[in-house]
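> This structure is in structure tokens; I'll ask about it shortly.
Rule-based calculations on the coordinates, nothing more; no lab input. Every value quoted in this text rests on a predicted model; they were computed, and no experiment measured them. Quick reminder, even Gly has a Cβ in these numbers, built from the backbone with ideal geometry, and neighbours come from all protein chains shown.
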Amino acid sequence: MPYHRVILVGAGPIGLELAVVLKHLGQDVLHLEAGAVGQTITGYPKQARFFSSPERIAIAGVPLISPDQTKATREQYLAYLRGIVQQFGLPISTHEPVRRIQRDDVGTFTVQTAKRTATCDHLVLAIGDMHLPRLLDIEGEDLPHVSHYFDEPYAYFGRNLLIVGGRNSAAEAALRCHRAGAKVTLSYRGDSLDDNGIKYWLLPELKALIKASEIDFYPNTVPTKITDMHVELGGQDVPADHVLLLTGYLQDKTLFEMVGVELVGENRAPSHDPETMQTNVPNLYIAGTAAAGTQQRFKLFIENCHIHAARIAKAITGEDAPTGLINQAAKTFGLEES
């Protein structure tokens, strides 16, 4: 059975940054990814812009340069991540999800996919935290005109679109679809969009459009039923040709549970030592936003997770990450993990 010193699961930004460091330190790493490189980011809406500035989400010492000197788009960042893989020659097995993890009595991990079974001494899970949509569990949620993901606004031109949610994804979808010619209605379970962490350049425009009745806003409402023609909302039927349920996402805990990682707190976050990122399972580490579990209000982002790569590399090898291969954004901008 093939043996590797380290098996690293996940090829998002922090997984890639750690892979670069471990390669530089001469470690034998098997790098697995269930989808594409940057899989979570591939699910972002087309042309969506990051909240963080480019220098904060750059990795491995490679500058991220946007053509217009503004925040990077989804497409620009995915191209950047592909460039990182090519520049550093990272051997990543993409579209190879892990099916099973076992740990034997001497501490060796056995990792199984559909294509292989391999063992390792150190296992790193950098699997992110946005795997499954948060379902409302209401009648009609599975209808074909209902989606939990916003791709692009064009399909909604000239149509009645109901968007459910009150944070960034819902706000951005509402604005973009309104500009694309949709008749947008926004439903939110809270009474206000303020203090929801909506991007500062989106909120004023959204509130202005609501005030001008160009976007209909139903606060303190939760959909109770979806039909082909309308949604039952706040005691009335609201016309809806399309429904976007942008109510958040859940972390898939399966890999943690099968190997005995303790899940704690409201977010059911993997228990870990923040100085080494080692979980309660010896030699099993957690990296990136995966360390936060299912985030209710986001505290871990790309920009304050860079330090995870340095901490894990030091815990595994006993060596410091080489200068320049870890983004120092967290220290520079006062964004150390809390």
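> Which shape class, rounded, prolate or oblate, goes with the stretch 30-163 when its Cα gyration tensor gives a ≥ b ≥ c as root eigenvalues, a/c under 1.5 marks rounded, and past that a/b bigger than b/c marks prolate?
oblate
> Which percentage, to the nearest 5, of the DSSP beta bridges contained in the chain is antiparallel?
About 45 percent, rounded to the nearest 5.
> What order, most packed first, do the peptides 192-201, 113-122, 307-316 have when packing is the mean number of other Cβ atoms within 10 Å of each residue?
307-316, 113-122, 192-201
> Related question: So what is Rg over Rh here for the stretch 134-245, counting just Cα atoms and using Kirkwood for Rh?
Rounded to two decimals, Rg/Rh equals 0.93.
> In addition: Using just the helices of the chain, give the 222 nm mean residue ellipticity in deg cm²/dmol: DSSP H runs with n ≥ 4 each add -39,500 (n - 2.57), and the total is spread over all residues, rounded to 500.
Taken over the chain, the calculation gives -6500 deg cm²/dmol.
> Let me ask something additional. Suppose every Lys and Arg Cβ carries +1 and every Asp and Glu Cβ carries -1, with no other charges. What dipole size does the stretch 147-243 come out with about its Cα centre, to the nearest 20 debye?
For this selection, approximately 140 debye.
> Among Gly324, His131, Tyr3, whose Cα projects farthest towards the positive end of the dipole of the chain, with charges put on the beta-carbon of Lys, Arg (+1) and Asp, Glu (-1)?
Gly324
> Once you have a ≥ b ≥ c as the square roots of the Cα gyration tensor eigenvalues for the stretch 180-338, tell me rounded if a/c is under 1.5, and otherwise prolate or oblate according to whether a/b is larger than b/c.
Prolate, because a/c is 1.5 or more and a/b exceeds b/c.
> Here's a follow-up. From the phi of every residue in the stretch 303-308, what ³J(HN,Hα) in whole Hz does the Karplus formula 6.51 cos²θ - 1.76 cosθ + 1.60 yield, where θ is phi - 60° and glycine or proline is x?
Using θ = phi - 60°, the values come out as 5, 10, 10, 3, 4, 4 Hz.
> At 37 °C and a viscosity of 0.692 mPa s, what translational diffusion coefficient does Stokes-Einstein give for the chain, taking Rh as the Kirkwood radius over Cα pairs? Give it in µm²/s as a whole number.
In µm²/s, the coefficient rounds to 154.
> Still on this structure, I have one more. Kindly put Met130, Met277 in sequence by how many other C-beta atoms sit within 10 Å of each C-beta, fewest to most.
Taking fewest neighbouring Cβ atoms as first place, the list is Met130, Met277.
> When DSSP beta bridges are limited to those with both residues in the stretch 1-119, what percentage is antiparallel, rounded to the nearest 5?
The answer is about 55 percent antiparallel.
> Jot down the radius of gyration and Dmax of the stretch 39-83, Cα atoms only, both in angstrom.
When restricted to Cα atoms, the stretch 39-83 yields Rg and Dmax of 9.7, 27 Å.
> I'd like to know which of Thr42, Gly26, Gly107 lies farthest towards the positive end of the charge dipole of the chain, counting +1 on Cβ of Lys and Arg and -1 on Cβ of Asp and Glu.
Gly26
> How far apart, in nanometres, would the label points at Tyr3 and Glu266 be if each is projected 7 angstrom from Cα along the Cα-to-Cβ direction?
For Tyr3 paired with Glu266, the spin-label model returns 4.6 nm.
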